[in-house]
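Scroll down for the structure; my scribbles are underneath it.
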Ligand code: C6P
């Protein structure tokens, strides 16, 4: 891929890197608007992974032969590059590879939470947390006797920051907050929340699953203690995710999973742990996936994350405007602008979200329908489900027009 790193995206050129977008269903071209669930994988990423399998597939940190050395270097370099991509100056020591955002949440909740939380401690979440965070902290709180409280979402789909200031107190041990809501699209003021947490001696975990793919992220500027994301949502492969943690905090934590590759010395009586990040990466890791993730962040960096963000903001604004034309669509979350990411969740008055997604599918339009793993938030919104269109670097306004044509069909059928 080569394109000027200034101005609007050359979407036609970008689309050439994604052969999957050429698919059609009975002659109807695919319109893929389910990017918040999973983004597609460009050729340079597929190529990097197949090059790994073709030329240097081998286990890492275990062999002194050429292939193992090459694989080990590639695996380690991937940590450094991904750390750099999200602004972590500590490199690999602050970048743990996990399976996905969910595992990153569990790693911190089990490792840090089980040893640090107890009765009297509070874990502060928000009402817009994904189940990956909400369910995990709920369960760890039950085991430790800590209490979970939730910062409220206001009528506009933003966090009520006055309530945040009430919730975060000297009893707070952890604040876990989603950076960009996968349902409302809200971009949360995570730096402000980090300051609030730190003022009270608490740590902050930021769920960046919907932020890292779509906007520039600098974990040090945010002052996050932990920051999590998934490879498959940033044009990378499935099976790999990242957990950033401040070195001083990761050093003090026990491993989450045990086994080979994460030890320094083992005797029949006891064991000691390898240095960061390997202490948290037992067993054979996702090596090809790490190579793919490295290629994915290179690919996005070449485009420029500011431009990715601008492109998505434009698409979200267009979708927001078009969906509202007939006055029978309810859209959740803030108006387009700096406080909304590149997704729009909505309901059509006459039609259940699942029926809508099915009609969309008849037009080969892929959207998600359901609770998007935010059931309590949907309860609060007073709906069981919503439909969601989510955009990426290869989407166009014309594709949003196709979505709106499908909406017309739904009106005709159910209206
Ligand atoms: N949201 C969606 O369609 P995993 O599955 O571990 O890669 O990501 C979990 C996750 C955590 N936090 C947020 C904000 C997310 O959006 C997701 C994944 C997908 O919205 C699948 S439910």
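The values are calculated or read from the model by the stated rules, or taken from the named source; none is laboratory data. Quantities reported herein were computed from a predicted structural model and do not represent experimental measurements. For neighbour counting, all protein chains shown are included, and Cβ atoms are generated from backbone atoms with ideal geometry for every residue, glycine included.
Computed quantities for the displayed model
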{"read-out": "Residue, surrounded by the most Cβ atoms within 10 Å (Cβ to Cβ), within region 45-81, restricted to residues that are under 29 Å from residue 367 (Cα atoms) and under 21 Å from the mean Cα position of the chain (by Cα)", "value": "45"}
{"read-out": "Residue under evaluation residue 351, criteria (1) within 13 Å of the ligand (Cβ to nearest atom); (2) modelled with pLDDT under 95, criterion not met", "value": "(1)"}
{"read-out": "Every residue from region 403-415 that is under 12 Å from residue 31 (Cβ atoms) and either touching a helix residue (DSSP H, G or I) at 6+ places or on another chain (Cβ under 9 Å) or not in a helix (DSSP H, G or I) (or both)", "value": "403, 404, 406"}
{"read-out": "Residue 114 being at pLDDT 95 or above and within 16 Å of the ligand (Cβ to nearest atom)", "value": "no"}
{"read-out": "Single match in 173, 164 (criterion: within 13 Å of residue 193 (Cα to Cα) and away from the ligand (no atom under 16 Å from the Cβ))", "value": "164"}
{"read-out": "Hey, residue 73 in contact with a helix residue (DSSP H, G or I) (Cβ under 6 Å, 6 or more places away or on another chain), under 27 Å from residue 209 (Cα atoms), modelled with pLDDT of 95 or more and not in a loop (DSSP other than H, G, I, E, B) or not", "value": "no"}
{"read-out": "Test for residue 149: is it outside any strand (DSSP E or B) and either surrounded by fewer than 22 Cβ atoms within 10 Å (Cβ to Cβ) or within 11 Å of the ligand (Cβ to nearest atom) (or both)", "value": "no"}
{"read-out": "Strands (runs of 3 or more DSSP E) lying entirely in region 184-282 (those with 1 or more residues that are buried (at least 24 other Cβ atoms within 10 Å of the Cβ))", "value": "203-207, 226-230, 241-245"}
{"read-out": "Of the criteria (1) under 14 Å from residue 293 (Cα atoms); (2) within 16 Å of the ligand (Cβ to nearest atom), which one residue 34 fails", "value": "(1)"}
{"read-out": "Residue check, residue 120 at positive phi and either in contact (Cβ under 8 Å) with a residue 40 or more places away in the chain or not in a helix (DSSP H, G or I) (or both)", "value": "yes"}
{"read-out": "Complete set of residues in region 80-89 that are within 19 Å of residue 209 (Cβ to Cβ) and in a helix (DSSP H, G or I)", "value": "82, 83, 85"}
{"read-out": "Which listed residue, of 228, 211, 202, is within 15 Å of the ligand (Cβ to nearest atom) and closer than 23 Å to residue 280 by Cα", "value": "228"}
{"read-out": "Answer residue from region 298-328, given it is free of Cβ contacts under 8 Å to residues at least 40 places away in the same chain and surrounded by 18 or more Cβ atoms within 10 Å (Cβ to Cβ) and is nearest to residue 399 (Cα to Cα) among those", "value": "320"}
{"read-out": "Subset of region 90-107 (residues that are more than 10 Å from the ligand (Cβ to nearest atom), part of a helix (DSSP H, G or I) and touching a strand residue (DSSP E or B) at 6+ places or on another chain (Cβ under 9 Å))", "value": "94, 107"}
{"read-out": "Check on residue 295, modelled with pLDDT of 95 or more, crowded, with 20+ Cβ neighbours inside 10 Å, under 18 Å from the mean Cα position of the chain (by Cα) and away from the ligand (no atom under 16 Å from the Cβ)", "value": "yes"}
{"read-out": "Hey, residue 267 touching a strand residue (DSSP E or B) at 6+ places or on another chain (Cβ under 6 Å), more than 22 Å from residue 63 (Cβ to Cβ) and without any contact (Cβ under 8 Å) to a residue 24 or more places away in the chain or not", "value": "no"}
{"read-out": "When residues of region 15-27 are limited to those that are surrounded by 13 or more Cβ atoms within 10 Å (Cβ to Cβ) and not in a helix (DSSP H, G or I), the one farthest from the ligand (Cβ to nearest atom)", "value": "16"}
{"read-out": "Residue satisfying condition, being in a helix (DSSP H, G or I), within 13 Å of the ligand (Cβ to nearest atom) and either under 15 Å from residue 35 (Cα atoms) or modelled with pLDDT under 95 (or both), within set 357, 319", "value": "357"}
{"read-out": "Residue check for residue 64: in contact (Cβ under 8 Å) with a residue 24 or more places away in the chain and more than 30 Å from residue 398 (Cα to Cα)", "value": "no"}
{"read-out": "Those residues of region 370-402 which are part of a helix (DSSP H, G or I) and either closer than 30 Å to residue 10 by Cβ or at pLDDT below 95 (or both), in sequence order", "value": "397, 398, 399, 400, 401, 402"}
{"read-out": "Conditions (1) within 16 Å of the ligand (Cβ to nearest atom); (2) touching a helix residue (DSSP H, G or I) at 6+ places or on another chain (Cβ under 8 Å); number of the one not met by residue 286", "value": "(2)"}
